[in-house]
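This report refers to the structure that appears directly beneath it.
Bear in mind that the values in this text are calculations on the coordinates, not laboratory data. The model shown is predicted, which means the values in this text are computed figures rather than measured ones. Note that each Cβ is placed from the backbone with ideal geometry, even for glycine, and that neighbours are counted across all protein chains shown.
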């Protein structure tokens, strides 16, 4: 059971200031954090910051059985310089501890803190989003040697090596993006504010785990503000993006988002962001509870309580598509009439293909129709929820119908969206994206099963 107050008292006794625990003969042998910049004075051994903490502090935090924590450790050789120790528990048998910015030390035995990584450094993990996928630890994006990069890294627990997974060229400055993962892929939000003012909004993109392809979804809802950090905290039911004002919170169940304000969040923002407290920060989380400890104070936030009664809005809204990685000119936004015309054309293609198939049963269905044009925003908004079963209310919220008060109008618009989406996807893949079904618990309730637009069998 998570006992944050016990954790706070233990840490106050142990103290959070770092102590030099490295033997003098070892100090001279320190290797630079990058083989490309030997003059960099910020040196450490692989995994060494784990030894900067006073003995017992990490174990005392682990004893509270958190889902994860970030703990600052100060260098014994460079006063004021700190590294962040990260611990994440993805499942009962999937936990990892590592140092932010260092892929040379990744341990799956947090209490022993043995070095399970012998990889060559292919990229650092500052501001990277760590996530667990298919039995392996991955990192998306990052910052190394004073530049950001669009990079996906995979760490093998068996070989201890880092693999650089090749991705297609991303949108301009996608390395600046805040990233959070779902079952099927990763959402990215560009947070380069100088570009935000020029483009009129922070771009939201999606890239699948399998067959990765960058897909533009829209811009971050202006109601959610623009200032927040790139490394969200993954709680049980929310993604939480700390910011300078409050917390941007996105709900896992339906993707809706809100700003979390309370007396506690205000206090955390004011003190936790104070540069003088940076060396003493501890952030820990379990379930939907967040705990913050600074040099002098302790705060605990229950996101269920903080967001109670909040106004939830779509995470992204329609906006102009971005420039491509090769600086190509931006395309003009596609309006509703164009999408309707495209969907109607797709429907005609479906009819023609079905007629052709019925007249020639031996021909493979839909082989003659292959399109590389982008899917409509409605298709992409649903595609990221592949494998999900949505209620009518959840479907309406996702499709922007939640504000419609007339049940008859809402039902009509919902049916029209389903018709157009299925026509568009059927024209390309020969299957419907949305299938209606009766709820197993209540046969009177209709649910909407969401399929996939990705070829699961392709390499």
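Considering only Cα atoms, the convex hull volume of region 373-450 works out to 92 Å³ per residue. Here region 77-231 yields Rg over Rh of 0.98, to two decimals, using C-alpha coordinates and the Kirkwood radius. With neighbours defined as other Cβ atoms within 10 Å of a residue's Cβ, the residues 155, 147 order from fewest to most as 147, 155.
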